[in-house]
Amino acid sequence: MPRRSRGRSPSKATRLTAVAVGLGALLGALGPGATAPSPVTHTVVVEATSFEPATLTVRAGDAVVWANRDPFPHTATSKAFDSSVIPADASWTYTTRARGTFDYVCTLHPTMKGTLRVE
């Protein structure tokens, strides 16, 4: 004889239905045929003692790669992230988390400045 629920906790089927309804509502809010955007990888080239692009706008969850093309080391350092030393012909990747505008600098060459905007 199957067990009957006494109203204490929802059954597995009820929980799965609630999850499906919630997911449907989320996708419906995005619009017909819409899906959540996938994370993207962006590249900042470090060359001729500058960051290119100097200002980069990304979405939260995107990755940013700093690729050092100079023959000497650099850093990308802000209040939100710190690459430590990026050797010549090497790179460093940061996955964005918090939204905001983050000015950064190369601590080895303080005239090198950039801005990362996370939306």
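The values are calculated or read from the model by the stated rules, or taken from the named source; none is laboratory data. Keep in mind the model is a prediction, meaning the values are calculated, not measured. All Cβ positions, even for glycine, are placed from backbone atoms using ideal geometry, and neighbour counts span all protein chains on display.
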Collect the residues in the range 76-114 that are assigned to a loop (DSSP other than H, G, I, E, B), more than 18 Å from HIS42 (Cβ to Cβ) and either in contact (Cβ under 8 Å) with a residue 12 or more places away in the chain or not hydroxyl-bearing (Ser, Thr, Tyr) (or both), keeping them in residue-number order.
LYS79, VAL85, PRO87, ALA88, ASP89, THR107, LEU108
Complete set of residues in the range 86-118 that are surrounded by fewer than 16 Cβ atoms within 10 Å (Cβ to Cβ) and over 21 Å from the mean Cα position of the chain (by Cα)
PRO87, ALA88, ASP89, THR107, LEU108, PRO110, THR111
For the range 62-75, which positions are closer than 17 Å to THR101 by Cβ and either out of contact with any Leu (no Cβ under 8 Å at 6 or more places or on another chain) or part of a loop (DSSP other than H, G, I, E, B) (or both)?
ASP62
Residue list for the range 102-119, filter: of a type in the set (D, E, K, R) and either more than 16 Å from VAL64 (Cβ to Cβ) or touching a Ser or Thr at 6+ places or on another chain (Cβ under 6 Å) (or both)
ASP103, ARG117
Take the range 51-73 and flag every residue that is buried (at least 17 other Cβ atoms within 10 Å of the Cβ) and polar (S, T, N, Q).
ASN68
If I go through the range 70-119 residue by residue, how many of them are acidic (Asp, Glu) and at positive phi?
1
Return yes when PHE81 is modelled with pLDDT of 95 or more and either surrounded by 14 or more Cβ atoms within 10 Å (Cβ to Cβ) or touching a Pro at 6+ places or on another chain (Cβ under 6 Å) (or both) and no when it is not.
yes
